[in-house]
Every structure is written in structure tokens, then in C-alpha cells.
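Have a look at the structure below, then the notes.
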Amino acid sequence: SNMINVDLSYSYEGRRILPEVNDAFIKMYNDAKKEGINLFVVSAYRSYSYQEKLYNNYITMYGIDYANTVSAKPGFSEHQTGFALDVSRLDIGLTEYFENTYEFEYLINNAHKYGFILRYPKGKENITGYSYEPWHFRFVGKEIATFIYNNNLTLEEYIYQYVELN
């Protein structure tokens with residue numbers, strides 16, 4: 001109920017996100033635009049039922065073992081939190097080709113300044129439990145995002161090493 005619609009100038013119809021994530025993305029989008037970079041939100045918030053359908057489709061198509069590396073089980077997806085965005089270009093979509101674009105390079109070098117991290121980086125699949133996704137960015141706030149960026153960490157590594165759990 002606290003989600004807002006992502007502006008249609010940089011998202012597909014019906015994408016929803018938390019207001020603070022939207023504000024950070026708009027700042028990043030506008031700064032990227034000044035450099036000729038066009039970012040596009042392909043996916044944002046997902047309901048439980050939508051995530052369930054997506055996950056079950058992966059199981060049907062590829063089997064459960066593969067599905068568990070590319071899609072979260074319903075109730076466990078970051079997209080259900082409102083903090084995750086899948087960002088790409090319209091002509092490429094959610095493919096690994098995105099990593100070869102200026103848009104990806106911009107995000108890798110600047111997303112932390114707006115509070116976003118690349119959530120599932122290449123070479124860290126054994127830590128995150130998911131396949132590399134060059135398009136999946138998670139809002140964690142500027143301070144944490146910058147720390148994660150500067151130390152080449154995943155969110156899991158940050159939590160395990162630097163967050164005291166009670």
C-alpha cells in the first residue's frame with residue numbers, strides 16, 4: 001500500500017516501487033541522462049502471486065535446480081520488498097548483453113552514489129546463491145552502498161562481516 005507508480009517515461013506501465021527508492025532512481029536517471037545514458041526500469045515490485053507464477057514457470061521450463069539459481073521462491077524475492085529494480089535498455093532487456101553497454105558501465109561506477117548496489121555480481125554466485133544478473137540493483141542507502149562498492153562486497157558479505165545480529 002505504500003508503493004508508488006514508477007513514472008512511465010522510464011518504466012513499463014504498472015511498475016511500482018517504494019517512494020525513497022523511486023526518488024533515488026530519479027536522481028540517478030536524471031544524472032545519467034545528462035551523460036547520454038538511458039536507463040529503463042524493466043521490473044520493480046512483484047506481488048507474491050506474480051513471483052509464484054514466475055518461479056513456477058522456471059520450474060516447468062528448466063527444472064527446480066536451475067529455477068532456484070535464477071528466481072527466488074515466492075515470499076523470498078527482493079522484488080517483493082520494493083527495494084529491488086531490474087534496470088536495462090529497452091533494446092536489450094534482461095540479458096547478459098546488458099553488461100556490455102554504457103548503461104551498465106554507468107551503473108557499476110555510479111549506482112552506489114544513489115544508494116544502489118549490483119545485487120548478484122559475476123563471480124560471487126556461490127555467495128549470493130543466484131546466477132549473475134547485471135540488471136538487478138538493490139537499494140540499500142548511500143552509506144551502505146558506498147561501503148559495499150568500495151570493498152567489493154555482496155550484501156551477504158556485508159551482513160555477515162559488518163552487521164551485528166542480536
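The values are calculated or read from the model by the stated rules, or taken from the named source; none is laboratory data. Just so we're clear, the structure is a prediction, and the values are computed from it rather than from any experiment. In this analysis, Cβ positions are derived from the backbone assuming ideal geometry, glycine residues included, and neighbour counts consider all displayed protein chains.
Only residues that are part of a helix (DSSP H, G or I) and crowded, with 18+ Cβ neighbours inside 10 Å: list them for segment 83-98, please.
Residue satisfying the conditions is 98 alone.
Is segment 103-120 home to any residue that is out of contact with any helix residue (DSSP H, G or I) (no Cβ under 8 Å at 6 or more places or on another chain), at pLDDT 95 or above and not in a helix (DSSP H, G or I)?
No, the conditions are met nowhere in segment 103-120.
Return a yes/no flag: does segment 137-144 have any residue that is aliphatic (A, V, I, L, M), free of Cβ contacts under 8 Å to residues at least 24 places away in the same chain and either in contact with a Pro (Cβ under 9 Å, 6 or more places away or on another chain) or outside any helix (DSSP H, G or I) (or both).
no
Residue 118 fails exactly one of the following numbered conditions: (1) more than 19 Å from residue 129 (Cα to Cα); (2) surrounded by 14 or more Cβ atoms within 10 Å (Cβ to Cβ). What is the number of that condition?
It is condition (1) that residue 118 fails.
Just one of 48, 55 is buried (at least 19 other Cβ atoms within 10 Å of the Cβ), modelled with pLDDT of 90 or more and in contact with a Pro (Cβ under 7 Å, 6 or more places away or on another chain); which is it?
Among 48, 55, only 55 is buried (at least 19 other Cβ atoms within 10 Å of the Cβ), modelled with pLDDT of 90 or more and in contact with a Pro (Cβ under 7 Å, 6 or more places away or on another chain).
Only one of (1) more than 28 Å from residue 12 (Cβ to Cβ); (2) within 16 Å of the chain's Cα centre (by Cα); (3) assigned to a loop (DSSP other than H, G, I, E, B) fails for residue 156. Which number is that?
Unmet for residue 156, out of (1) more than 28 Å from residue 12 (Cβ to Cβ); (2) within 16 Å of the chain's Cα centre (by Cα); (3) assigned to a loop (DSSP other than H, G, I, E, B): (3).
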